[in-house]
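Peer 1: Below you will find the structure I want to go over with you.
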Amino acid sequence: MPALVAENLSVVLDGKPVLRELGFTVEAGTWVGLLGPNGSGKTTLLRAIGGLLPYAGTLRVLGREVRAWKPQALARHLAFVRQSASLLFDFTVEELVLLGRAPHKGWLETDTRADRERVRRALARVDLAGFEKRSMLSLSGGEQQRVFLAQALVQEAELLLLDEPTAHLDVHHQFEFIDHVRGLVRAGCTVIAAFHDLELAARFADRILVLDRGRLAAAGPPARVLTADLIAGVFRMEARLYPAEDGSLRIHYVGPLAACTRAGNGTGRPHPVAPTPPSSH
């Protein structure tokens, strides 16, 4: 059974179409990278999958329509790490991470020693060992983001949604966390992660979905999807791509492309910015 199936999926927010007739399948045990310019609908798609937004069409998680899941039941199978999570109240790190165990508990069921051991292991995985009693409000933005990642880990869901999870992390913790997520995928977890960094997505994702103005522009393996033409048409950047020794892609951005002008070339494609001639001096 696929982890996720979308058919003719559309989302309208405040009367404005944000996602338009998307169709794709995410196989269980794979890592899908979600790419697109700002405003293309990446976060909206993740929120719809997480049961946080109304939608039209079909959206099935583990064979069941998302709107048919009860929230607590869905949370046992799906964890969502948002791009920037806000705190209304202060918590200790342990208290916040323990909230990830809530979907597995009854109304009055208390936390167990096993739950706290899960918290300890999750914090160690995100390089926050010993932070259990620290106040969340005393942490840096990057440290807070790693705590929310630990919360998702103790949820032990089969499907993990990540909205720019490395946005607030330094390079060391970016690669450390991504390496851990890759281990979860090898163990059978399914991951859908929104990226701004195309190279990072190409290096770690098994498959890529590219959104452009709410529509699916391309889908498939990174090496097939990420081409100079796609980067020019969707991201308005001139780029050159090179294969790396590990089989991933390296992307060299030459420069931005001018905005589309229908009168200019009649194709709707961006015009390249003319290079500056080299100086004769």
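Values in this text are rule-based calculations from the coordinates and carry no lab data. Please read these numbers as outputs of a predicted model, since none were measured by experiment. For neighbour counting, all protein chains shown are included, and Cβ atoms are generated from backbone atoms with ideal geometry for every residue, glycine included.
Peer 1: To the nearest 20 debye, what is the magnitude of the charge dipole of segment 5-70 about its Cα centre, counting +1 on the Cβ of each Lys and Arg and -1 on the Cβ of each Asp and Glu?
Peer 2: 180 debye
Peer 1: For Cα pairs less than 8 Å apart in space and 6+ apart in sequence, what is the mean separation divided by the residue count of the chain, i.e. the relative contact order in percent?
Peer 2: 21 percent
Peer 1: What is the Cα coordinate range of segment 16-115 on the first, second and third principal axes, sorted by size from largest, in whole angstrom?
Peer 2: Here the Cα extents, ordered largest to smallest, are 45, 30, 27 Å.
Peer 1: Next question, about the same structure. Can you tell me how much longer the chain between E156 and L52 gets when fully stretched, taken as 0.36 nm per residue apart minus their C-alpha distance, in nm with one decimal?
Peer 2: The E156-L52 span can extend by a further 35.5 nm.
Peer 1: Okay, next question. May I ask for the angle, rounded to the nearest 10°, between helix 171-186 and the longest principal axis of the chain, with both axes built from Cα atoms and the value confined to 0 to 90°?
Peer 2: Roughly 70 degrees, rounded to the nearest 10.
Peer 1: Run lengths n ≥ 4 of DSSP H only: what is the helix-derived mean residue ellipticity at 222 nm for the chain, with -39500 (n - 2.57) per run over all residues, to the nearest 500?
Peer 2: -8500 deg cm²/dmol
Peer 1: Same structure, new question: Tell me which of G247, V81, M1 sits at the most positive position along the dipole axis of the chain, charges placed on C-beta atoms (Lys, Arg +1; Asp, Glu -1).
Peer 2: M1
Peer 1: For helix 141-155, what angle does its Cα long axis make with the longest principal axis of the chain, in degrees from 0 to 90 and rounded to 10?
Peer 2: On a 0 to 90 degree scale, this one is about 60.
Peer 1: Taking the alpha-carbon centroid of each part, what is the distance from segment 35-91 to segment 151-176 in angstrom?
Peer 2: The two parts, judged by their Cα centres, are 15 Å apart.
Peer 1: A further question follows. Output the 0 to 90 degree angle, nearest 10, between the alpha-carbon long axis of helix 113-125 and the longest principal axis computed from the alpha carbons of the chain.
Peer 2: 30 degrees
Peer 1: Taking each pair of distinct Cα atoms in segment 112-257 once, what is the resulting Kirkwood hydrodynamic radius in Å?
Peer 2: Averaging 1/r across every pair of different Cα atoms and inverting gives 17.0 Å.
Peer 1: Please list the radius of gyration and Dmax for the chain, considering alpha-carbon atoms only, with Å as the unit.
Peer 2: 20.7, 79
Peer 1: Please report, in debye to the nearest 20, how large the charge dipole of segment 4-226 is about its Cα centre when each Lys and Arg carries +1 at its beta carbon and each Asp and Glu carries -1 there.
Peer 2: 440 debye
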